[in-house]
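Just below is one structure, and these are the notes that go with it.
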Amino acid sequence: MKKASIKNKKYNESKCDQSPFCPVARVCPTGAVTRIKVGFLKSRISYDASKCIGCGKCTRVCPHAAFAMK
């Protein structure tokens, strides 16, 4: 499997529903996508491009297509 270039990774925050049950935060192997708790059942999704290895797991599990490899 060919890995996508890290610089081609796109995160569209407007598509993200900021769910406290975000599947992307659970599957990211490097912690590039994390969930920051803001309140009871409220959270914010944070993406750190410097930690991304370009594995593409986020693009496969995000139900809102907020992550893409271009």
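Each Lys or Arg adds one and each Asp or Glu subtracts one; over the other residues with Cβ under 11 Å from the Cβ of Arg35, this totals +4. Taking a sphere under 15 Å around the Cβ of Ala65 and counting the other residues whose Cβ falls inside, with K and R at +1 and D and E at -1, yields a net charge of +4. In the context of the full set of protein chains, the chain has a per residue accessible area of 67 Å² (1.4 Å probe).
Heavy-atom surface analysis with a 1.4 Å probe gives the chain a carbon and sulfur content of 55 percent of its accessible area. Remark: the chain is approximated by an ellipsoid whose semi-axes, taken from the C-alpha gyration tensor as √(5λ), come to 21, 12, 10 Å, largest first.
What pairs from Lys15/Lys51; Lys37/Lys70; Lys9/Lys57; Lys10/Lys57 go past 18 Å between their alpha carbons?
Values: Lys15/Lys51 21 Å; Lys37/Lys70 29 Å; Lys9/Lys57 12 Å; Lys10/Lys57 13 Å.
From Lys15/Lys51; Lys37/Lys70; Lys9/Lys57; Lys10/Lys57, over 18 Å: Lys15/Lys51; Lys37/Lys70.
The values are calculated or read from the model by the stated rules, or taken from the named source; none is laboratory data. Every value quoted in this text rests on a predicted model; they were computed, and no experiment measured them. Methodologically, a virtual Cβ is constructed for each residue, glycine included, from the backbone with ideal geometry; neighbour enumeration extends over all protein chains shown. Quick note on the areas: whole protein, heavy atoms, side chains included, nothing else; ligands and nucleic acids left out. Shrake-Rupley method; radii C 1.70, N 1.55, O 1.52, S 1.80 Å.
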